[in-house]
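Each remark here refers to the structure printed beneath this line.
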Amino acid sequence: MLLFLGCLLTLSSGALCLDQLNMCMDAKHHKVEPGPEGALHRQCAPWRENACCTANTSEEAHNDNSYLYYFNWNHCGAMSSKCKQHLIQDTCFYECSPHLGPWIQSADENWRKERILNVPLCKEDCEQWWEDCKDDFTCKTNWHKGWDWSSGINKCPAGSHCRKWTDVYATPKSMCEQIWSNSYLYTTLTKDSGRCMQLWFTGPNPNKKVAEYYLNTAQRGQSFPVTTLLFLTATSFFVTIF
């Protein structure tokens with residue numbers, strides 16, 4: 001009980017009780033805890049100082065139909081290399097990021113227990129992704145579900161048709177928010193704002209400060225309920241012992 005009261009006191013003061021700034025979600029290929037991974041492959045290399053992915057995962061992220069999810073980027077013909085690089089970067093971000101704590105939610109899925117929801121993406125990353133894929137083709141809006149998996153890899157479901165990317169996703173916003181079941185949230189925030197998550201970066205990972213901002217913002221919004229809970233819990237505790 002005293003430990004619980006101490007945790008509540010920490011929350012009410014604005015500090016982090018649990019280290020949500022440095023954690024891995026409970027999912028198929030994620031490590032239990034983040035840490036250095038000096039041998040991360042190509043586009044996953046920016047996370048090598050602190051990652052939730054292993055070197056093997058980072059290498060498989062670059063392969064078509066990799067064992068990670070057996071997902072076929074080329075389900076409507078060969079995907080262009082400039083489009084595919086964004087899907088690879090998206091995979092690296094999802095698998096390797098240790099700073100997604102504010103957006104991790106429980107997931108009722110057989111292949112993972114947690115997922116991300118409404119991660120605010122920087123405008124540049126989302127718009128460049130859409131721009132580089134606009135001449136490619138796909139048959140589905142939401143890539144998380146509804147595929148034909150009878151062959152072991154995803155194929156377009158019966159009755160669907162391959163359409164140009166811009167016919168499926170009319171805007172960068174529709175693509176970023178719909179392609180993975182609202183895992184991402186399109187924003188008009190730019191990378192220099194410090195208020196949006198970056199899929200693409202070089203040098204030190206800028207996303208930790210962004211996650212810290214959103215965690216602190218959420219805690220400020222919850223300060224009254226936490227204080228109230230602290231008072232009620234303390235009252236109950238002292239009534240019990242006295």
*So GLU124 fits all but one of (1) of a type in the set (Asp, Glu); (2) out of contact with any Ser or Thr (no Cβ under 9 Å at 6 or more places or on another chain); (3) at pLDDT 90 or above; what number is the exception?*
(2)
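Among the residues of segment 182-199, write down those that are open to solvent by less than 30 Å² (accessible area, probe 1.4 Å) and at pLDDT 95 or above.
SER183, TYR184, THR187, CYS196, MET197, GLN198, LEU199
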*Restricting segment 63-90 to residues that are in a helix (DSSP H, G or I) and open to solvent by 20 Å² or more (accessible area, probe 1.4 Å), which is farthest from TYR213 (Cα to Cα)?*
SER81
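Please specify each residue of segment 181-207 satisfying the condition of being at negative phi and out of contact with any helix residue (DSSP H, G or I) (no Cβ under 8 Å at 6 or more places or on another chain).
ASP192, SER193, PRO204, ASN207
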*Please enumerate the residues belonging to segment 153-210 that are of a type in the set (A, V, I, L, M) and touching a strand residue (DSSP E or B) at 6+ places or on another chain (Cβ under 8 Å).*
ALA158, VAL168, LEU185, LEU189, MET197, LEU199, VAL210
*Filter segment 107-121 for residues that are more than 13 Å from the chain's Cα centre (by Cα) and not in a strand (DSSP E or B); which is nearest to ASN207 (Cα to Cα)?*
TRP111
_Single unsatisfied condition, LEU117 versus (1) farther than 20 Å from GLU60 by Cβ; (2) modelled with pLDDT under 95; (3) aliphatic (A, V, I, L, M)_ = (2)
*Hey, SER160 assigned to a loop (DSSP other than H, G, I, E, B), without any contact (Cβ under 8 Å) to a residue 12 or more places away in the chain and open to solvent by less than 70 Å² (accessible area, probe 1.4 Å) or not*: no
*asked:* TRP130 - would you say it is open to solvent by 30 Å² or more (accessible area, probe 1.4 Å), in contact with a Pro (Cβ under 8 Å, 6 or more places away or on another chain) and touching a residue at least 12 places away in the same chain (Cβ under 8 Å)?
replied: yes
_Qualifying residues in segment 20-46 (those that are of a type outside the set (A, V, I, L, M, F, W, C) and under 24 Å from ASN216 (Cα atoms)) - the one least open to solvent (accessible area, probe 1.4 Å)_ = GLY35
*Residue satisfying condition, being crowded, with 17+ Cβ neighbours inside 10 Å, of a type outside the set (A, V, I, L, M, F, W, C) and farther than 24 Å from THR188 by Cβ, within set GLU60, GLU49, GLU109*: GLU60
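The values are calculated or read from the model by the stated rules, or taken from the named source; none is laboratory data. Since the structure is predicted, the reported quantities are computational estimates derived from the model, not experimental observations. Every residue, glycine among them, receives a Cβ derived from its backbone with ideal geometry; neighbour counts consider all protein chains shown. Note: accessible area is taken over every heavy atom of the protein model, side chains too, but ligands, DNA and RNA are not part of it. Shrake-Rupley method; radii C 1.70, N 1.55, O 1.52, S 1.80 Å.
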